[in-house]
Amino acid sequence: MRTVTDKIVGVGLIGSQFITTIHTEALKLVSDAEILAVMSPTPGNAKSFAEKHGIPNHFIDLDDMLAMDEIDMVVIGAPNYLHCEICVKIAEAGKHVVVEKPLCMNLKEADIMIDACKKANVKLMYAEELCFTPKYVRLKALLDEGALGNPVLFKQLEKHDGPHAEHFWDVERSGGGVTMDMGCHGIQFFRWLHPGKKIKSVYAQMSTLVHGDKTKGDDNAIVIMEFEDGVTGMIEESWTKLG
């Protein structure tokens, strides 16, 4: 039972499409979180989303949502090219930031986001669900205990027929293709499973095999990462698998 000293985290959502629905469903399962508002610049979208999910406030303007004192944390579910700009605004409003993957478009933007959140003394969090999935949390615990011996190879793959969000086809708005969309999962997953070890080398084979009419980015990729202790991580990602 919650006591009067327990802190409920007030959450604001940015976005009204697939990924924001996923975040909403997850946050409803967290007893210490309460979704207070949703914002989308597209007229009608935030209102419809709020009504569907029982969210009390909806906005078209981000500044209006950030003016809510009750909001402690904001989850960014906007297209990738907007992540940096939005993150800085949220930080300047004194609220913690959760960013849907990928974090941003490039390293320069990442540094801007990190600096803004440090300056504002707020948390900047990257929404990588693999590191919180119960079966993988158990896997990491077994690795940390030494129950599985010393790892020599990590493998991760994800394949389907294309991104849920249309902006991912446009590299000017997404920052890249399937490696940017899904490869980020494997990279962080391996770093989490094998902490404290620097990555010594990276090899990537990235191709556009099927969706050349839709994107200039890669739709099929194999990435091999070698850690300083010789352990290898292999990532296979594809937008070319039917189904």
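The values are calculated or read from the model by the stated rules, or taken from the named source; none is laboratory data. The model shown is predicted, which means the values in this text are computed figures rather than measured ones. Neighbour counts run over all protein chains shown; Cβ positions are idealised from the backbone, glycine included.
It is to be established whether one or more residues within segment 160-175 are over 30 Å from Thr215 (Cβ atoms) and either touching a residue at least 12 places away in the same chain (Cβ under 8 Å) or not assigned by TED's automatic domain parsing to the domain that holds Phe49 (or both).
Step one: filter segment 160-175 for residues over 30 Å from Thr215 (Cβ atoms), giving none.
No, that holds for no residue.
Quick check, is Glu85 under 18 Å from the mean Cα position of the chain (by Cα), surrounded by fewer than 19 Cβ atoms within 10 Å (Cβ to Cβ) and over 22 Å from Arg173 (Cβ atoms)? Lay out the reasoning, then the answer.
Details: under 18 Å from the mean Cα position of the chain (by Cα): yes; surrounded by fewer than 19 Cβ atoms within 10 Å (Cβ to Cβ): yes; over 22 Å from Arg173 (Cβ atoms): no.
No; evaluated as a whole, the condition is false for this residue.
Considering only residues that are surrounded by fewer than 22 Cβ atoms within 10 Å (Cβ to Cβ) and within 25 Å of Trp169 (Cα to Cα), look in segment 70-82 and name the one that is nearest to the chain's Cα centre (by Cα).
Step one: of segment 70-82, the residues surrounded by fewer than 22 Cβ atoms within 10 Å (Cβ to Cβ) are 70, 72-73, 79, 81-82.
Right, trim to within 25 Å of Trp169 (Cα to Cα) and you get 79, 81-82.
Working: Pro79: 11, Tyr81: 13, Leu82: 13 Å.
Once the filter is applied, the top-ranked residue is Pro79.
Scan segment 102-149 for residues that are surrounded by 11 or more Cβ atoms within 10 Å (Cβ to Cβ), without any contact (Cβ under 8 Å) to a residue 12 or more places away in the chain, farther than 23 Å from Cys84 by Cβ and not hydrophobic (A, V, I, L, M, F, W, C) and report the count.
Residues meeting the conditions: 2.
Might you check whether a residue that is β-branched (Val, Ile, Thr) and either within 19 Å of Ala165 (Cα to Cα) or touching a Gly at 6+ places or on another chain (Cβ under 6 Å) (or both) occurs anywhere in segment 36-58?
Narrowing segment 36-58 to residues β-branched (Val, Ile, Thr): 38, 42, 55.
So of that shortlist, the ones also either within 19 Å of Ala165 (Cα to Cα) or touching a Gly at 6+ places or on another chain (Cβ under 6 Å) (or both) come out as 38, 42.
Checking segment 36-58: at least one residue is β-branched (Val, Ile, Thr) and either within 19 Å of Ala165 (Cα to Cα) or touching a Gly at 6+ places or on another chain (Cβ under 6 Å) (or both).
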